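**Student:** Quick one: the structure is below, questions incoming.
The values are calculated or read from the model by the stated rules, or taken from the named source; none is laboratory data. Bear in mind that the values here come from a model prediction, so they are computed numbers and not experimental data. Ideal geometry is used to build each Cβ from the backbone, glycine not excepted, and the neighbour counts take in all protein chains shown.
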Amino acid sequence: MLRRLQFGLDRNLALLFWGIFFTQVAWGASDRFRPIYIQELGASTALVGVILGAAELFRLLGLFIAGPLSDRVSPRLLIGGGRSLIVVGAGTYLIAQEYWHLFPAFFIGALGNVAWPAISRVIANATTSATRTRSFLLIYTIGPGVASLGAPLLGGVVADVFGVRAVFAITTVGVAIAAFFFWMVRAPAPPRESATTARYADVVRHRPTLSLCILNLSVVFFAWLGLTLAPNYLYDIHGISLRRVGEFGTLVAVGSICTGLLISRRAWLARPMNGLLATTFFLPFVFALLALGSNVWSFALAFLIWGIASVSAQTFYTAISDVAPATLQARSFALFEVMTALGYTFSGFAAGALYRFDPVYPLWGACIGSIMIIGASLAVRRYLARVASTLPSVPLPANTT
């Protein structure tokens with residue numbers, strides 16, 4: 001029975017699978033209600049975007065220190081300790097009375113995010129090139145997708161019946177269960193010499209990795225330019241109920257699960273850049289449907305398609321694992337997470353500013369930007385294919401120990 005719950009993964013990867021599964025149960029129940037909750041705590045709709053952008057600035061703090069820490073601190077302490085801090089952050093959401101009370105939660109959550117580069121490194125080190133795509137998709141896409149089938153529905157019902165605040169009780173319990181699984185991970189400690197062999201500057205000089213990080217920043221920025229205030233747009237402009245918003249979250253899960261399974265079973269799509277290009281192709285349709293739609297069915301289709309496009313985020317992990325030299329892997333994942341946080345930060349500020357002029361402007365901005373992303377993905381794919389044969393000869397940072 002226990003082996004079946006591992007889904008062919010080794011012990012550590014199975015524990016990460018279940019930790020991330022319950023993390024998604026926790027935040028899947030509440031994520032789509034965060035903008036509405038912040039508005040209920042006294043912030044204007046435009047200010048909500050600014051607050052969510054500011055939250056990502058706090059996240060950057062944790063991610064910048066994550067790289068050096070992952071070279072020096074045991075993965076168990078980073079992963080278990082970092083994700084345990086999230087329990088405190090989630091509890092802060094539950095007891096907040098004004099929107100500014102959430103800033104301690106942002107800070108604590110930022111410290112908890114030191115775990116993510118270490119988690120990605122554990123997955124990369126425990127897999128081979130033949131199993132890496134499947135493992136990343138299973139842990140980062142399919143497992144969370146299954147969790148999201150029911151979590152948004154549960155959150156929507158709880159929000160409708162008991163109020164949005166009650167949803168964060170589910171989040172607090174969920175992240176506490178997740179922290180238990182994260183603490184049980186027993187990954188090898190980093191070698192002593194890795195503490196002085198890699199710097200962020202080395203990653204920046206490694207152009208294949210840098211190109212992926214910059215592309216990721218662009219994808220996150222334009223995707224969340226349109227999605228950050230989408231719940232407010234649907235709730236305020238189209239009168240969509242909280243329960244219906246939760247149901248849309250379930251459709252996102254359906255799209256991501258089906259896409260993740262398809263990618264893992266098709267050799268051509270399993271190549272990271274092919275999978276990335278195939279999923280980002282759907283982004284413009286998401287925002288065109290949200291901007292032009294006028295009924296529940298068009299919005300439902302938009303979120304289903306977003307589920308397909310969202311898998312692009314997980315293809316980046318495999319791509320970075322493939323191109324980053326072993327000595328740069330920890331810092332590469334950390335820089336990737338930093339770029340992700342920057343994308344969320346800038347998109348929150350931009351969405352708030354555009355929403356102030358017209359609620360539909362963030363959606364059209366995201367649609368136009370997504371079309372440009374498809375072209376950028378093609379360019380990066382060609383570049384990586386051109387340099388693939390020379391990657392082993394890329395200069396590595398000198399061992400100074």
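**Student:** Suppose we keep only residues that are closer than 18 Å to ASP236 by Cβ and of a type in the set (Ser, Thr, Tyr) within the stretch 351-376. Which one would you say is modelled with the lowest pLDDT?
**Tutor:** That would be TYR355.
**Student:** Something else now. Determine whether the stretch 151-163 contains at least one residue that is under 16 Å from the mean Cα position of the chain (by Cα) and either surrounded by fewer than 17 Cβ atoms within 10 Å (Cβ to Cβ) or assigned to a helix (DSSP H, G or I) (or both).
**Tutor:** No, the stretch 151-163 contains no residue that is under 16 Å from the mean Cα position of the chain (by Cα) and either surrounded by fewer than 17 Cβ atoms within 10 Å (Cβ to Cβ) or assigned to a helix (DSSP H, G or I) (or both).
**Student:** Let me ask another. Pick out, from the stretch 261-306, the helices (runs of 4 or more DSSP H) lying fully within it that include 3 or more residues that are closer than 28 Å to VAL323 by Cα.
**Tutor:** Fully inside the stretch 261-306 and qualifying: 267-270, 272-280.
**Student:** Run LEU261 past the list (1) within 30 Å of ALA379 (Cα to Cα); (2) touching an Asp or Glu at 6+ places or on another chain (Cβ under 6 Å) and report the number of the one that doesn't hold.
**Tutor:** Answer for LEU261: the failing condition is (2).
This table checks each residue for (1) under 30 Å from ALA334 (Cβ atoms); (2) modelled with pLDDT of 90 or more.
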site	(1), (2)
GLY275	yes, no
THR279	yes, yes
LEU289	no, yes
ALA300	no, yes
PHE303	no, yes
ILE308	yes, yes
ALA313	yes, no
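Rundown of residues vs (1) surrounded by fewer than 21 Cβ atoms within 10 Å (Cβ to Cβ); (2) over 15 Å from the mean Cα position of the chain (by Cα), yes/no style:
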| site | (1), (2) |
| --- | --- |
| LEU269 | yes, yes |
| VAL286 | no, yes |
| PHE299 | no, yes |
| ALA313 | yes, no |
| TYR317 | no, no |
| ALA334 | no, no |
| MET339 | no, no |
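**Student:** Does the stretch 316-327 contain any residue that is in a helix (DSSP H, G or I) and either in contact with a strand residue (DSSP E or B) (Cβ under 6 Å, 6 or more places away or on another chain) or acidic (Asp, Glu) (or both)?
**Tutor:** yes
**Student:** Restricting attention to the stretch 377-398, report how many residues are crowded, with 18+ Cβ neighbours inside 10 Å and at pLDDT 90 or above.
**Tutor:** So the answer is 3.
**Student:** Picking from GLY112, GLY82, which residue would you name as being within 16 Å of the chain's Cα centre (by Cα) and not aliphatic (A, V, I, L, M)?
**Tutor:** Exactly one residue qualifies, and that residue is GLY112.
**Student:** Here's something else I'd like to know. Identify, from the list PHE7, PHE33, PHE106, the residue that is touching a Lys or Arg at 6+ places or on another chain (Cβ under 9 Å), modelled with pLDDT under 90 and either surrounded by fewer than 23 Cβ atoms within 10 Å (Cβ to Cβ) or closer than 21 Å to ALA341 by Cα (or both).
**Tutor:** That would be PHE106, the only listed residue that is touching a Lys or Arg at 6+ places or on another chain (Cβ under 9 Å), modelled with pLDDT under 90 and either surrounded by fewer than 23 Cβ atoms within 10 Å (Cβ to Cβ) or closer than 21 Å to ALA341 by Cα (or both).
**Student:** Scan the stretch 63-103 for residues that are within 18 Å of MET184 (Cα to Cα), of a type in the set (Gly, Ala, Ser) and crowded, with 22+ Cβ neighbours inside 10 Å and jot them down.
**Tutor:** Across the stretch 63-103, the qualifying residues are SER70, GLY82.
**Student:** Shifting gears a bit: I need every pair where a residue in the stretch 110-133 that is under 18 Å from TRP183 (Cβ atoms) and without any contact (Cβ under 8 Å) to a residue 40 or more places away in the chain has its Cβ under 7 Å from the Cβ of a residue that is surrounded by fewer than 23 Cβ atoms within 10 Å (Cβ to Cβ) and among the aliphatic types (A, V, I, L, M), sequence separation at least 6 or different chains.
**Tutor:** Partner pairs satisfying both residue conditions: none exist.
**Student:** Among all residue pairs at least 6 apart or on different chains, which show Cβ distances below 6 Å where the first residue, located in the stretch 308-331, is in contact (Cβ under 8 Å) with a residue 40 or more places away in the chain and the second is outside any helix (DSSP H, G or I) and of a type in the set (Asp, Glu)?
**Tutor:** none
**Student:** Just the residues that are among the hydroxyl-bearing types (Ser, Thr, Tyr) and either in contact with a Phe, Trp or Tyr (Cβ under 8 Å, 6 or more places away or on another chain) or outside any helix (DSSP H, G or I) (or both), please, taken from the stretch 234-260.
**Tutor:** The one that is among the hydroxyl-bearing types (Ser, Thr, Tyr) and either in contact with a Phe, Trp or Tyr (Cβ under 8 Å, 6 or more places away or on another chain) or outside any helix (DSSP H, G or I) (or both): SER241.
**Student:** Right, another one. Would you please list the contacts, defined by Cβ atoms under 7 Å and residues six or more apart or on different chains, that run from a residue in the stretch 168-194 that is more than 30 Å from TYR37 (Cα to Cα) and at pLDDT below 90 to a residue that is outside any helix (DSSP H, G or I) and not aromatic (Phe, Trp, Tyr)?
**Tutor:** ALA189/SER74; GLU193/ASN399; GLU193/THR401
**Student:** While we're looking at this one, here's another question. All but one of (1) closer than 30 Å to THR318 by Cβ; (2) more than 19 Å from the chain's Cα centre (by Cα) hold for TYR93; which doesn't?
**Tutor:** So the condition that TYR93 fails would be (1).
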